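Student: Quick one: the structure is below, questions incoming.
What follows is calculated from the coordinates using simple rules that are stated; it is not laboratory data. The structure presented is a predicted model; accordingly, all values stated were derived computationally and were not measured. FYI the Cβ positions are ideal-geometry reconstructions off the backbone, even for glycines, and counts take in every protein chain you see.
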Amino acid sequence: MISEIIKRILYLIPVTLAVIFITFIVIYSIPGNPAEVILDLEATKENVAALEKEMGLDQPLYVQYVIYINKLLHGNLGYSYRTRRSIAGEVRSYYPNTIILAVFALVLAVVIGGIVGILSALRPNSYLDFAFRGFSVLGISVPEFWFGFLLILFFAVFLRWFPSEGKHGISSCFLPALTLSFSAIGTIARLLRTSLLEIFHEPYIRAARAKGASNVMIVFRHALKNAMIPAITVLGFMMGRFLGGAVVVETVFNWPGMGRLAVDAILGRDIPLIQATILILALTYIIINLMVDLLYLTLDPRIRFH
Amino acid sequence: MELFNRIKGNLGNKTLFAGMAIIAILLFCAIFPNWIAMYDPHAQNLENVLQSVSINHLLGTDEFGRDVLSRLIYGTRITLAIIFVSVLTGGFIGCLFGILAGYIGKFVDTIIMRLMDIPLAFPGVLLSLAAIQIVGKGVVGIIIATSFYAIPQFARLVRVCILSARESFYVQGAQAIGESHISIIWRYILPNIWAPTLVLATLRCAIVVQIAAALSFLGLGVQPPTPEWGAMIAAGKMYLVRSPHLTLFPGLAITITVFGFNLLGDALRDIMDVKL
């Protein structure tokens with residue numbers, strides 16, 4: 001078990017280096033000399049050379065890569081081309097908002113998806129079950145940004161229950177989180193339904209039934225623990241979807257998070273900011289996947305004792 | 001051929017039929033938009049802007065007085081073109097890597113599969129953002145961004161199929177009588193990978209439609225005035241309250257397209273008994 005954990009953590013090192021390398025080469029996407037692009041057109045040759053030196057652009061590529069990693073290790077993400085402010089500072093104010101949204105979306109997906117999955121499994125092939133299953137296919141087919149606009153139209157414009165955009169308190173979190181979690185709700189419900197139905201045929205459930213346990217007791221005391229495992233494996237994948245989806249959903253709801261920061265950076269060709277936002281979101285995804293792997297290890301005794 | 005007969009024999013399958021019908025209608029719109037659309041998708045009419053649904057304009061008009069339905073119909077062309085080029089490129093390169101990794105094995109396998117892990121370390125949309133920053137906005141950017149992410153998925157799938165085929169008696173027999181590697185791959189191994197790659201490609205189409213639309217919505221993909229669904233939603237969001245039809249109908253078009261590919265993929269998976 002411990003060697004397994006160490007193996008997974010060690011495996012992160014090459015993956016992280018590769019992810020850093022991909023974000024590192026983004027700087028070469030600017031046509032021409034990055035230093036010239038940053039400085040104004042009337043900059044002198046000396047100015048350009050000085051900035052090149054400051055940015056390390058006169059060094060060979062692998063040296064630049066090492067310098068880049070060294071800066072990252074010191075928490076130095078560089079300065080935004082446009083605002084001239086420290087990117088680390090910007091990230092500190094935007095990053096928590098993205099995490100809040102992703103966690104809220106995860107809670108919604110687990111709670112709603114869980115309830116729907118259990119209800120479907122208790123009454124398989126009922127009208128309720130059919131409705132829920134149709135709903136889950138719909139969930140993976142509806143584009144997130146469009147679903148966000150539907151929610152805005154219905155809940156913010158028509159019913160006026162929630163604000164349509166921005167971040168003012170908990171209520172403004174609800175619509176973007178629901179948008180993010182919509183497809184995940186269907187996935188969790190479907191997985192839970194399938195594994196619950198399989199487990200209902202196991203001898204230990206029949207034994208519980210014979211003993212006279214109620215349906216609710218059987219689900220919560222006996223079946224759910226084992227049925228949850230497949231659903232947990234997809235949680236990491238879902239957090240990845242939420243982090244990627246944040247790019248779109250934060251734009252729709254004008255939510256001040258990393259996704260919108262990334263889109264604004266790309267539209268404004270703000271290279272250091274693009275590098276930083278993509279890197280941080282990707283690293284978050286890697287760490288989340290590691291945590292899910294470890295959670296999975298501790299939850300499933302068949303793996304733990306091997 | 002056997003694949004074809006399997007599909008033909010299952011045309012009664014409701015899911016398969018519904019999926020194929022949706023894709024067929026979309027294909028028709030993409031190939032012959034001028035037969036169906038009543039207006040030129042670029043024709044502006046500034047006296048007729050932001051009209052709601054009517055007999056003359058079945059889905060209304062946009063902020064330049066252009067007919068929304070005609071723009072949606074012409075939009076299928078660009079969407080389907082992006083999907084097919086992206087999935088074909090990604091699928092082809094991915095299969096190639098998968099065949100190399102699976103058939104040669106050893107260190108080639110290790111190197112290729114570790115390389116394939118890198119794109120998967122990113123959430124899909126983020127990798128597209130990085131790719132777009134490097135390649136530039138537009139159709140080519142979308143295609144490269146989405147096909148790049150497809151490569152490891154196809155490579156992994158094909159590799160597993162080949163590993164199991166390589167152990168089979170007919171491949172070992174062919175090796176024993178001294179057939180060339182190319183001939184073994186072509187005649188005995190490739191027939192095993194058609195079914196799973198077809199299913200993956202279909203499901204992948206559904207994802208590419210969504211990513212392409214999302215990137216265009218963000219202003220990073222297809223640029224206006226080209227009639228693309230995601231870009232249409234981006235333009236229409238300014239008028240969300242006054243003219244919601246500008247946002248609703250293009251989104252519906254995307255949903256139906258994704259739904260069609262998902263139905264088709266699910267049906268093919270069941271018919272060909274593929275585990276994915």
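Student: Just to confirm the number: angle between the C-alpha axis of helix A:127-141 and the first principal axis of chain A, 0 to 90 degrees, nearest 10?
Tutor: 10
Student: Angle between the Cα long axis of helix A:61-73 and the longest principal axis of chain A, 0 to 90 degrees, nearest 10?
Tutor: 60
Student: Note down the net charge around A:Thr277, summing +1 for each Lys or Arg and -1 for each Asp or Glu among other residues with Cβ under 15 Å from its Cβ.
Tutor: Neighbourhood net charge equals +1.
Student: Diagonalise the Cα gyration tensor of the range B:151-273 and give the resulting equivalent ellipsoid semi-axes, square root of 5 times each eigenvalue, largest first, whole Å.
Tutor: Output for the range B:151-273: semi-axes of 45, 14, 9 Å.
Student: Here's something else I'd like to know. List, in the order given, every pair from A:Lys45/B:Lys137; B:Lys14/B:Lys275; A:Lys7/B:Lys106; A:Lys167/B:Lys137; A:Lys45/A:Lys71 whose Cα-Cα distance in the structure shown is over 24 Å.
Tutor: A:Lys45/B:Lys137; A:Lys167/B:Lys137; A:Lys45/A:Lys71
Student: Just name one of B:Leu80, B:Thr110, B:Ser168: the one whose Cα is farthest towards the positive end of the charge dipole of the range B:69-197 (beta-carbon charges, Lys/Arg +1, Asp/Glu -1).
Tutor: B:Leu80
Student: Grab the DSSP H runs of chain A that are 4 residues or longer, score each as -39,500 (n - 2.57), total them, divide by all residues and round the 222 nm result to the nearest 500 deg cm²/dmol.
Tutor: -24500 deg cm²/dmol
Student: With the dipole of the protein assembly as shown worked out from charges on the C-beta (+1 for Lys and Arg, -1 for Asp and Glu) around the Cα centre, which of A:Val263, A:Gly134, A:Gln275 lies farthest toward the positive end?
Tutor: A:Gly134
Student: For a Förster distance of 51 Å, can you work out the FRET efficiency between the beta-carbons of B:Asn45 and B:Trp194, rounded to the nearest 0.05?
Tutor: The calculated FRET efficiency here is 0.55.
Student: Sticking with this structure for a sec: Within chain B, which whole H helices from DSSP have a Cα span along their axis of at least 24 Å and a mean Kyte-Doolittle hydropathy of -0.5 or more, if any?
Tutor: Flagged H segments are B:14-31, B:68-104, B:139-166, B:190-217, B:245-272.
Student: Something else now. How would A:His74, B:His57, B:His245 line up from fewest to most surrounding beta-carbon atoms within 10 angstrom?
Tutor: Listing A:His74, B:His57, B:His245 from fewest to most nearby Cβ atoms yields A:His74, B:His245, B:His57.
Student: Output the peptides A:284-296, B:180-192 sorted from most to least packed, where packing is the average of other Cβ atoms within 10 Å over each peptide's residues.
Tutor: A:284-296, B:180-192
Student: Taking only Cα atoms of the range A:97-305, what ratio of Rg to Rh do you get with Rh as the Kirkwood inverse-distance radius?
Tutor: 1.04
Student: Which value, in debye to the nearest 20, gives the size of the charge dipole of the range A:97-305 about its Cα centre, when Lys and Arg are +1 and Asp and Glu are -1 at the Cβ?
Tutor: That gives the range A:97-305 a dipole magnitude of about 760 debye.
Student: Let me ask something else. At a temperature of 4 °C and a viscosity of 1.567 mPa s, determine how fast the protein assembly as shown diffuses translationally according to Stokes-Einstein, using the Kirkwood radius over alpha-carbon pairs as Rh; express D in µm²/s, rounded to the nearest whole number.
Tutor: 49
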